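The values are calculated or read from the model by the stated rules, or taken from the named source; none is laboratory data. Predicted model only: the values in this text are computed from it and were never measured. Glycine also receives a Cβ, built like all others from the backbone with ideal geometry; neighbour counts cover every protein chain displayed. Note: areas computed on protein heavy atoms with side chains; ligands, DNA, RNA excluded. Shrake-Rupley method; radii C 1.70, N 1.55, O 1.52, S 1.80 Å.
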Amino acid sequence: MHTLTVELPMSVRPDRARLLLAVRLFEEGEVSLGYAAEMAGTSLATFAERLAQRGIPVIDYPADDLDGELDTLSRLGGA
């Protein structure tokens, strides 16, 4: 694990900077949801809420995969 020390302008609160970094790293797929929440210093539920406020999905399920799953369910009589 690496440690990063950053000097922030007085107008940027450290907790906000941690949240924004965690959001971006999660969005880019660099860290898991749990790790991002930990980085941000929030609970998993709170972090998921922050993502939702920004329009970032917590679960990114590709449309092609979903279509395939639905086709399989249909063939098996589940849909």
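Among the protein heavy atoms of the chain, carbon and sulfur supply 55% of the accessible surface, probe 1.4 Å, non-protein parts ignored.
Ranked by the mean number of other Cβ atoms within 10 Å of their residues, highest first, the peptides 53-59, 19-25, 66-72 come out as 19-25, 66-72, 53-59. Where does helix 14-27 land angle-wise versus the long Cα axis of the chain, in degrees 0 to 90, nearest 10? It works out to around 30 degrees.
What number comes out for accessible area per residue over the chain if the probe is 1.4 Å? Units Å², please.
Heavy-atom accessible area per residue stands at 80 Å².
Here semi-axes √(5λ) of the Cα gyration tensor in Å was computed from the coordinates, and among [x] 35, 27, 8; [y] 36, 12, 10; [z] 19, 14, 12 the match is [y]. Remark: the chain carries a charge dipole of roughly 500 debye about the Cα centre, counting +1 on each Lys and Arg Cβ and -1 on each Asp and Glu Cβ. Rounded to 0.05, the FRET efficiency of the Ile56 and His2 pair, given R0 = 25 Å and the Cβ-Cβ distance, is 0.60. Put simply, the amide H of Val31, placed in the peptide plane, has neighbours under 5 Å in Phe26, leaving out anything fewer than 5 places away on its chain. The protection proxy used here, the mean number of other Cβ atoms lying within 10 Å of each residue, ranks peptides 40-46, 2-8 as follows, highest first: 40-46, 2-8.
Which whole-number percent gives the relative contact order of the chain, counting Cα pairs below 8 Å spaced six or more residues apart? Here the relative contact order equals 18 percent. What percent do you get for the relative contact order of region 5-44 when only Cα pairs under 8 Å and 6+ apart count? It rounds to 37 percent for region 5-44. With n ≥ 4 as the cut-off for DSSP H runs, can you work out [θ] at 222 nm for the chain, using -39500 (n - 2.57) per run divided by the number of residues, rounded to the nearest 500? Result for the chain, helices only: -17500 deg cm²/dmol.
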